[in-house]
1. Please work out which one of (1) hydroxyl-bearing (Ser, Thr, Tyr); (2) surrounded by fewer than 19 Cβ atoms within 10 Å (Cβ to Cβ); (3) assigned to a strand (DSSP E or B) is the condition Ser102 fails and give its number.
2. Select from the stretch 148-165 the residues that are out of contact with any Phe, Trp or Tyr (no Cβ under 7 Å at 6 or more places or on another chain), more than 11 Å from Thr184 (Cα to Cα) and crowded, with 24+ Cβ neighbours inside 10 Å and list them in ascending order.
3. So which of Asp192, Asp166 is part of a loop (DSSP other than H, G, I, E, B), closer than 20 Å to Ser44 by Cα and either among the aliphatic types (A, V, I, L, M) or out of contact with any helix residue (DSSP H, G or I) (no Cβ under 6 Å at 6 or more places or on another chain) (or both)?
4. Among the listed residues Ser185, Ser200, which satisfies the condition of being at pLDDT 95 or above, under 22 Å from Tyr93 (Cβ atoms) and not in a helix (DSSP H, G or I)?
5. Say we look at the stretch 33-68 and pick out the residues that are among the small types (Gly, Ala, Ser), surrounded by 13 or more Cβ atoms within 10 Å (Cβ to Cβ) and modelled with pLDDT under 85; which of these is nearest to Ile198 (Cα to Cα)?
6. If you take the residues in the stretch 203-216 that are more than 11 Å from Leu119 (Cβ to Cβ) and of a type in the set (S, T, N, Q), which one is modelled with the lowest pLDDT?
7. I need a count of the residues in the stretch 1-22 that are within 28 Å of Lys208 (Cβ to Cβ) and within 16 Å of the chain's Cα centre (by Cα).
8. Keeping to the stretch 85-115, report how many residues are under 27 Å from Arg171 (Cβ atoms), in contact (Cβ under 8 Å) with a residue 60 or more places away in the chain and β-branched (Val, Ile, Thr).
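The values are calculated or read from the model by the stated rules, or taken from the named source; none is laboratory data. Please read all numbers here as calculations on a predicted model, not as lab measurements. Because the Cβ atoms are built from the backbone with ideal geometry, glycine has one as well, and the counts that use them run over all protein chains shown.
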Amino acid sequence: MRGKLDIVDFGLSEYAVIHSRQQELLAARQADKANDSLMLGEHSPVYTMGRRADPANLLQPPGSAGSPSAIPVVNIERGGDVTYHGPGQLVGYPIMRLDMTSEGPAWFVTQLEMIICKLLENYGLHPARDPKHRGVWIGNDKIAAIGIRISRSVSWHGFSLNVNPDLIPYRGIIPCGIRERGVTSMAGLGIDVPMQEIKSGIIQIFIKHFGFSGNEQ
């Protein structure tokens, strides 16, 4: 059984503000001066490029809304390629101490996939995992992306779930560097629910899945 999980709901925030907050919580957890935590919220429109992202996956400006020229691009520390964050997309950043003898990066990504799959199944959807292309899929379309980093046995960065975002900005990139597949959202699949309901669902599943004793908000 893990201890308490701190929940940080940051609402709708600029990416840079929450990135700095992640770093603060990461340092505190590494020093054992804070509990494990789960940050949840939405970002203003931004493209993020992982450590090994291919610049070619950030497309030339197509002259329409969602072009790279209209949306800021940020290079960050997580794994994975380029992705988009914006309003209507739930992002989750677990700041958790892991047992690196049994809970390495691949294990942790799998757990996050399983949590998101459980949430989507609760709404009657049929999500799938793909060991070759990490994240959560509905048919040939990605509905949730995952990109993490583990520093001194503590995780940061995390996942994004398309609840009801505008999907047009995805035209400005090759999402996650995968050319042959698309993206979708819960709303696009006919599941129209409030963001707060999705947050509450993720929190409940997250606590149960990882064996936390409870949560503090």
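1. Only one criterion in (1) hydroxyl-bearing (Ser, Thr, Tyr); (2) surrounded by fewer than 19 Cβ atoms within 10 Å (Cβ to Cβ); (3) assigned to a strand (DSSP E or B) is unmet by Ser102, namely (3).
2. Within the stretch 148-165, Ser160 is the sole residue that qualifies.
3. Result: Asp166 is the single residue among Asp192, Asp166 that is part of a loop (DSSP other than H, G, I, E, B), closer than 20 Å to Ser44 by Cα and either among the aliphatic types (A, V, I, L, M) or out of contact with any helix residue (DSSP H, G or I) (no Cβ under 6 Å at 6 or more places or on another chain) (or both).
4. Going through Ser185, Ser200 in turn, just one is at pLDDT 95 or above, under 22 Å from Tyr93 (Cβ atoms) and not in a helix (DSSP H, G or I): Ser185.
5. By that ranking, first place goes to Gly66.
6. Here the answer is Asn215.
7. Number satisfying all stated conditions: 10.
8. 1
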